[in-house]
Amino acid sequence: MAVLRRIASVLALAAIVAAPAGCSLGVTGLGADSVEDDAAIAADDATTDDATTEDASIDVAAADAESAADAAAEAAAEVDAAADVEPDAEPDAVVSLPVVARLNLDGAALDGVDFPGHWTAAPVPGPCGPSHYENSPVHGTLDPGLFTGEAYGNPLKCAVGGGTLPHGTYRVRLYFAELFWGPGCPGGGAGPGSRLFSVALEGKTVLTDFDIFVATGGCLASKTSAAGAPVVQTFDVTVNDGTLDLVGTPTKDNAKLSAIEVLGPL
């Protein structure tokens with residue numbers, strides 16, 4: 001409609017310009033007021049066109065903003081989704097291995113606190129030997145009964161399984177406490193270097209010149225000091241013949257062992 005009105009105004013103006021002086025155009029209502037109206041209409045149309053252009057620009061800007069917002073939301077959703085994805089590798093689960101044996105050498109059966117599980121009394125000689133020794137009281141643990149006795153020898157030998165262990169790899173834990181050497185204990189002396197020995201499991205050496213006093217921090221049966229705590233050494237070993245064999249070979253004094261635990265197969 002605005003365009004038609006504009007065309008009519010242009011034709012009217014052209015007629016006015018072309019008409020001779022003093023002649024009537026024969027168009028009702030055309031005059032100065034009509035020209036003013038036409039000019040106003042043209043101005044309105046121009047304003048309308050400008051407004052339309054401005055509205056279009058606003059619409060485009062709004063669309064761009066909405067698109068940017070959508071993109072941001074999509075990116076945030078991707079971040080959230082990535083956060084919800086489980087790690088590629090989970091930490092290794094704690095595996096509870098079957099108990100083959102928990103032997104309290106030269107001690108009574110007991111249920112451990114510091115060293116959980118039920119421990120079976122294992123007289124010496126027996127699974128380990130040839131000799132036994134005990135001393136008390138033992139400090140540094142809530143399971144003193146697991147360390148008051150021991151098997152020792154030159155060499156010390158243990159055999160666990162009696163030929164019945166299935167072929168496989170087993171976890172072996174060896175429990176140590178010094179009860180003889182060091183200040184306040186029967187053997188006296190400074191302690192370090194008083195007892196040194198190596199240990200082989202299934203013929204493979206796993207400890208060399210092991211010093212229990214140094215490893216545990218003292219003589220655990222000392223009457224003059226209360227330092228140190230029992231120590232546990234853990235090894236995985238393959239058994240092929242149904243029996244786990246241990247040999248302790250001393251460099252100085254005797255090899256000794258307080259308790260032995262066998263778990264598996266892995």
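The values are calculated or read from the model by the stated rules, or taken from the named source; none is laboratory data. What you are looking at is a predicted structure, and each value in this text was computed from that prediction instead of being measured. Every residue, glycine among them, receives a Cβ derived from its backbone with ideal geometry; neighbour counts consider all protein chains shown.
Of note:
- Pair list, Cβ < 7 Å and 6+ apart or interchain, from segment 230-251 residues that are hydroxyl-bearing (Ser, Thr, Tyr) to residues that are assigned to a loop (DSSP other than H, G, I, E, B): Thr238/Glu202; Thr243/Gly161; Thr243/Gly162; Thr243/Gly163; Thr243/Leu165
Residue by residue, here is whether (1) farther than 30 Å from Thr224 by Cβ; (2) in contact with a helix residue (DSSP H, G or I) (Cβ under 8 Å, 6 or more places away or on another chain); (3) modelled with pLDDT under 95; (4) β-branched (Val, Ile, Thr) holds:
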position: Val100; (1), (2), (3), (4): yes, no, no, yes
position: Leu103; (1), (2), (3), (4): yes, no, no, no
position: Cys128; (1), (2), (3), (4): no, no, no, no
position: Ser131; (1), (2), (3), (4): no, no, no, no
position: Ala151; (1), (2), (3), (4): no, no, no, no
position: Gly184; (1), (2), (3), (4): no, no, no, no
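- Residue match in segment 227-241 (condition: small (Gly, Ala, Ser) and not in a loop (DSSP other than H, G, I, E, B)): no
- Close pairs (8 angstrom Cβ cut-off, 6 or more residues apart or separate chains): of a type in the set (Phe, Trp, Tyr) in segment 116-138, surrounded by 15 or more Cβ atoms within 10 Å (Cβ to Cβ) and in a loop (DSSP other than H, G, I, E, B) anywhere: Trp119/Gly107; Tyr133/Asp106; Tyr133/Leu179; Tyr133/Phe180
- Count - residues of segment 146-177 that are within 39 Å of the chain's Cα centre (by Cα) and either more than 16 Å from Ala221 (Cβ to Cβ) or surrounded by fewer than 20 Cβ atoms within 10 Å (Cβ to Cβ) (or both): 15
- When segment 178-209 is filtered for residues that are part of a strand (DSSP E or B) and more than 40 Å from the chain's Cα centre (by Cα), the ones remaining, listed by number, are Trp181, Gly188.
- Tallying residues that are within 12 Å of Pro192 (Cα to Cα) and among the hydroxyl-bearing types (Ser, Thr, Tyr) within segment 209-237 yields 1.
- Some residue of segment 194-205 being assigned by TED's automatic domain parsing to the domain that holds Val124, among the hydroxyl-bearing types (Ser, Thr, Tyr) and surrounded by 15 or more Cβ atoms within 10 Å (Cβ to Cβ): yes
- Within segment 210-221, tally of residues that are in a strand (DSSP E or B) and of a type in the set (Phe, Trp, Tyr): 1
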